[in-house]
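This report concerns only the one structure given below.
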Amino acid sequence: MELVLHGAPLSPYVRKVRVTLALKHVACTLDPIDPWRQAVRLRELNPIGRIPVLEVDGRPLCESSVICHYLDEVYPEPPLLPAEPWARARARWFERYADTELGPLLTFAVFGQRVIRPLLGQPVDEAQVRAAIDERLPPLLDWLEAELGDRDWLVGAGPTLADLAFATHTVNYGYGGEALDPTRHPRLCALAARTLATLPFAALLAEEAAVMDKVRARLARP
Ligand SMILES: N[C@@H](CCC(=O)N[C@@H](CS)C(=O)NCC(=O)O)C(=O)O
């Protein structure tokens, strides 16, 4: 099976797929496409123009969750979703919560505003950034903190896509110059650190550090 992943290394959704591939030791070529500057080419792969897209023997598959679930079925070891139906559904729900509720704030409202918009020559709305950090995000994180309770992982006894989907957005929050509040959300801080240390993030984050160095240098130029 020939796999090509179309996506930019700093995207949390692309990272989610790359960690899944690394965990399962699946070889895949990365096509580093920029969703904004190469929008026309991307739309040939994905009608809604978003990364990641995984090409499987020339056939495009869109949406990080769809891609990760597919990979988990085709390469079942080690599993990233529990087998038991209720636990599996819970993991999918937390994954959805991270992708569609936390991602727009942790990633788009902070990293998107402070990093991506300036790179595209667009103005930063710092009031919107502060509203996300101070008002919109805390209640969503409060809920997840309570759901996690005193367990190590969101579902079951080991890391699942739920933890991966959460942790990947905390990386972009960091690139946006922010960190989760260890006083208000100590369990989520620990979960993010545990997930980054347990799943194969390290090599990807090292690669991304070089990209972020270049981005910061470009943003520092007048
Ligand atoms: N729900 C999608 C979200 C993907 C997404 O929003 N990707 C961003 C980059 S992080 C993108 O391609 N944005 C380009 C655009 O919206 O035009 C997934 O999980 O794959």
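Within the range 49-65, residues that are within 7 Å of the ligand (Cβ to nearest atom) reach partners that are among the basic types (K, R) with beta carbons closer than 6 Å, at six or more positions or on different chains, in the pairs G49/R43; S64/K16.
Table: residues versus (1) at pLDDT below 95; (2) in a loop (DSSP other than H, G, I, E, B); (3) more than 23 Å from V66 (Cβ to Cβ); (4) not aliphatic (A, V, I, L, M).
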{"residue": "A146", "(1), (2), (3), (4)": "no, no, yes, no"}
{"residue": "P159", "(1), (2), (3), (4)": "no, yes, no, yes"}
{"residue": "V171", "(1), (2), (3), (4)": "no, no, no, no"}
{"residue": "P182", "(1), (2), (3), (4)": "no, yes, yes, yes"}
{"residue": "R194", "(1), (2), (3), (4)": "no, no, yes, yes"}
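Taken over the range 182-195, the criterion of being surrounded by fewer than 19 Cβ atoms within 10 Å (Cβ to Cβ) and either of a type in the set (F, W, Y) or over 14 Å from G149 (Cα atoms) (or both) is satisfied by P182, T183, A193, R194. Counting only strands (runs of 3 or more DSSP E) that sit wholly inside the range 1-92, those with at least 2 residues that are closer than 22 Å to M212 by Cα are 3-6, 29-31. Do we find a residue being assigned to a loop (DSSP other than H, G, I, E, B) and buried (at least 17 other Cβ atoms within 10 Å of the Cβ) anywhere in the range 98-113? Looking for residues that are assigned to a loop (DSSP other than H, G, I, E, B) and buried (at least 17 other Cβ atoms within 10 Å of the Cβ), one finds none in the range 98-113, hence no. Filtered by the rule that a residue be hydrophobic (A, V, I, L, M, F, W, C), part of a helix (DSSP H, G or I) and without any contact (Cβ under 8 Å) to a residue 60 or more places away in the chain, the range 117-132 gives A127, V129, A131, A132. Looking across the range 1-46, just one residue is over 15 Å from C62 (Cα atoms), touching a helix residue (DSSP H, G or I) at 6+ places or on another chain (Cβ under 6 Å) and free of Cβ contacts under 8 Å to residues at least 60 places away in the same chain, and that is C28. Within the range 54-88, the set of residues being open to solvent by 50 Å² or more (accessible area, probe 1.4 Å) and farther than 23 Å from C28 by Cβ comprises A83, E84, P85, W86, R88.
Screening L137 against (1) surrounded by fewer than 21 Cβ atoms within 10 Å (Cβ to Cβ); (2) free of Cβ contacts under 8 Å to residues at least 40 places away in the same chain; (3) hydrophobic (A, V, I, L, M, F, W, C); (4) not in a loop (DSSP other than H, G, I, E, B) leaves a single unmet condition, (1).
Can you confirm whether the range 23-33 contains a residue that is open to solvent by 60 Å² or more (accessible area, probe 1.4 Å), in contact with a strand residue (DSSP E or B) (Cβ under 8 Å, 6 or more places away or on another chain) and over 27 Å from A179 (Cα atoms)?
Yes, some residue in the range 23-33 is open to solvent by 60 Å² or more (accessible area, probe 1.4 Å), in contact with a strand residue (DSSP E or B) (Cβ under 8 Å, 6 or more places away or on another chain) and over 27 Å from A179 (Cα atoms).
The single condition among (1) open to solvent by 70 Å² or more (accessible area, probe 1.4 Å); (2) assigned to a helix (DSSP H, G or I) that L204 does not satisfy is (1).
Being within 16 Å of the ligand (Cβ to nearest atom), touching a helix residue (DSSP H, G or I) at 6+ places or on another chain (Cβ under 9 Å) and closer than 24 Å to K214 by Cα is true of V110.
The values are calculated or read from the model by the stated rules, or taken from the named source; none is laboratory data. Since this is a predicted model, take the numbers as computed values, not measurements. Cβ coordinates were reconstructed from backbone atoms using ideal geometry, including for glycine residues, and neighbour counts include every protein chain displayed. The accessibility values were calculated without ligands, DNA or RNA, using every heavy atom of the protein model including side chains. Shrake-Rupley method; radii C 1.70, N 1.55, O 1.52, S 1.80 Å.
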